[in-house]
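Okay, so here's the structure we're looking at.
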Amino acid sequence: MSQRLPLIALLLFIPAWLAASYGVRYGFMEDPQWVGVCSAQVQVWECSVRSALGLTIHFRILAWIGLGLAVLATVVPRKAGWWLAVLAMVAG
């Protein structure tokens, strides 16, 4: 296996993750259809997921997880630290 393969995979994964994040934000969190459905008294599981995701963003839980993983990645040596840094980018 090439030593550059993880880097190439990372460079392909980051734009895909960014696109998925924008898709979740504008297609699920801020879509007027979902805002209307979830503001009604109907209990739909998608509304529970939307609410939980909104609370983790609002209270900066995802940001703190990303920061913690990034700090941990600076002290963990070699490949494990690299993978922790990747997880920090995904979370943050």
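We did not get these values from a lab; they are worked out from the coordinates using the rules stated. As the structure is a computational prediction, the values presented were derived from the model and not from experiment. Positions of Cβ are generated from backbone atoms using ideal geometry, with glycine treated the same way; all protein chains shown enter the neighbour counts.
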To the nearest 20 debye, what is the magnitude of the charge dipole of the chain about its Cα centre, counting +1 on the Cβ of each Lys and Arg and -1 on the Cβ of each Asp and Glu? 440 debye
Does anyone have the angle between helix 61-75 and the longest principal axis of the chain? Alpha-carbon axes, 0 to 90°, nearest 10? 0 degrees
Just grab the label-to-label distance for Phe13 and Ala70, each label 7 Å out from Cα along the Cβ direction, in nm (one decimal). 1.8 nm
Let's test the formula: R0 of 35 Å, r as the Cβ-Cβ distance of Thr56 and Ser2. What FRET efficiency results, to the nearest 0.05? 0.45
Top of Arg78, Arg60, Arg50 by mean-square fluctuation, Gaussian network on the chain, Cα under 10 Å: Arg78
Could you rank the peptides 25-33, 79-87 by their average count of other C-beta atoms within 10 Å per residue, with the highest value first? 79-87, 25-33
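Report the relative contact order of the chain, percent, no decimals, based on alpha-carbon pairs under 8 angstrom and at least 6 residues apart.
Details: 48 pairs, mean separation 18.0, N = 92.
Reported as a whole number, the value is 20 percent.
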With Cα springs under 10 Å, the Gaussian network model of the chain assigns the largest mean-square fluctuation among Ser48, Ser21, Ser39 to Ser39
Pseudo-spin-label distance Ser48 to Met89, built 7 Å along Cα→Cβ, given in nm, is 3.4 nm
Highest-fluctuation residue, Leu12, Leu69, Leu55 considered, GNM on the chain with Cα pairs under 10 Å: Leu12
